[in-house]
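S.K.: Have a look at this one before I ask anything.
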Amino acid sequence: MARLIEELKKLPGVGTKSAQRFAFHILRGSDADAKALAEAVEALKNSLRLCSICNNVTDVDPCVYCASPARNQRLVCVVEEPTSIAAIERTRGYMGVYHVLHGTLSPLHGVGPDQLRAAGLVKRVEAGEIDEVILATSPTLEGEATATWLASALKITPVRITRIATGVPAGSDIEYADEVTMARAMEGRREL
């Protein structure tokens, strides 16, 4: 039981109490349920891998985005995690490809540039395969630091580097926006 709890605690957002609840739930469940869970985890690890071009999680290599002739292969959107791709795809407005870093710079957690999966992006840019890199990291301290670091690493190349806009979310009231959000909204304004 202690070993299972320790393994469950490694999952993001799972603390000791949640891990204990999960472990006891598995213990109380049927043998078939426990076996199905173990098989699902094993199948996931056996069938999914990272795309050799963009680092997205995929069951085919290259992934469906990198292999698609309908997508602009010279336009690359850099995201922190594979889950960010779904949010961008829901807009139905982006037809480029992606590059997944699998994290952000975080010196407090021991994550430096070498721990990010940025080397492939830099090689593609240096090879002249990319016209524009869109930095779509989160507007957090770590996301901003990562975007700044990537921009400076790519500045030596002729590639166009852009950053996603940030500001007041649609459907919200500006009186509730904090000063940083409001300042960015004002800086990112566009002509109508």
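The values are calculated or read from the model by the stated rules, or taken from the named source; none is laboratory data. Just so it is clear, the model here is predicted, and its values are computed rather than measured. Note that we place each Cβ from the backbone using ideal geometry, even for glycine, and neighbour counts take in every protein chain shown. Remember, those area values only see protein heavy atoms, side chains included, never the ligands or the DNA or RNA. Shrake-Rupley method; radii C 1.70, N 1.55, O 1.52, S 1.80 Å.
S.K.: Counting just the residues of the stretch 169-192 that are under 22 Å from residue 79 (Cβ atoms) and part of a loop (DSSP other than H, G, I, E, B), which one comes out most open to solvent (accessible area, probe 1.4 Å)?
M.R.: So the residue we want is 170.
S.K.: Only one of these is without any contact (Cβ under 8 Å) to a residue 12 or more places away in the chain and either open to solvent by less than 40 Å² (accessible area, probe 1.4 Å) or of a type in the set (Gly, Ala, Ser) (or both): 128, 143, 103, 120. Name it.
M.R.: 128
S.K.: What number goes with the only condition from (1) buried (at least 16 other Cβ atoms within 10 Å of the Cβ); (2) free of Cβ contacts under 8 Å to residues at least 12 places away in the same chain that residue 53 does not pass?
M.R.: With respect to (1) buried (at least 16 other Cβ atoms within 10 Å of the Cβ); (2) free of Cβ contacts under 8 Å to residues at least 12 places away in the same chain, residue 53 is out only on (2).
S.K.: A follow-up question, please. Between a residue in the stretch 1-20 that is in contact (Cβ under 8 Å) with a residue 24 or more places away in the chain and any residue that is of a type outside the set (Val, Ile, Thr), which pairs come within a Cβ distance under 8 Å, given they are 6 or more apart or on different chains?
M.R.: Matching pairs, first to second residue: 1/23; 1/27.
S.K.: Still on this structure: Of (1) of a type outside the set (Gly, Ala, Ser); (2) surrounded by 15 or more Cβ atoms within 10 Å (Cβ to Cβ); (3) in contact with a Gly (Cβ under 6 Å, 6 or more places away or on another chain), residue 79 satisfies all except one. Which?
M.R.: (3)
S.K.: Here's a follow-up. Does the stretch 73-100 hold any residues that are among the aliphatic types (A, V, I, L, M), in a strand (DSSP E or B) and farther than 21 Å from residue 113 by Cα, and which are they?
M.R.: If the condition is that a residue be among the aliphatic types (A, V, I, L, M), in a strand (DSSP E or B) and farther than 21 Å from residue 113 by Cα, then 75, 97 are the ones that fit.
S.K.: While we're looking at this one, here's another question. Could you check, for the stretch 163-182, whether at least one of its residues is in contact with a strand residue (DSSP E or B) (Cβ under 8 Å, 6 or more places away or on another chain), touching a residue at least 24 places away in the same chain (Cβ under 8 Å) and not aromatic (Phe, Trp, Tyr)?
M.R.: Yes, that holds for at least one residue.
S.K.: Working only within the stretch 5-26, note down all residues that are modelled with pLDDT under 95 and either touching a His at 6+ places or on another chain (Cβ under 7 Å) or in a helix (DSSP H, G or I) (or both).
M.R.: None - no residue of the stretch 5-26 is modelled with pLDDT under 95 and either touching a His at 6+ places or on another chain (Cβ under 7 Å) or in a helix (DSSP H, G or I) (or both), so the list stays empty.
S.K.: Applying the selection to the stretch 146-167, what residues are among the small types (Gly, Ala, Ser) and surrounded by 14 or more Cβ atoms within 10 Å (Cβ to Cβ)?
M.R.: Answer for the stretch 146-167, where residues must be among the small types (Gly, Ala, Ser) and surrounded by 14 or more Cβ atoms within 10 Å (Cβ to Cβ): 147, 151, 153, 167.
S.K.: Here is a follow-up. Tell me the residue from 67, 87 that is open to solvent by 50 Å² or more (accessible area, probe 1.4 Å), of a type in the set (A, V, I, L, M) and without any contact (Cβ under 8 Å) to a residue 60 or more places away in the chain, please.
M.R.: None of the other options fit; the residue is 67.
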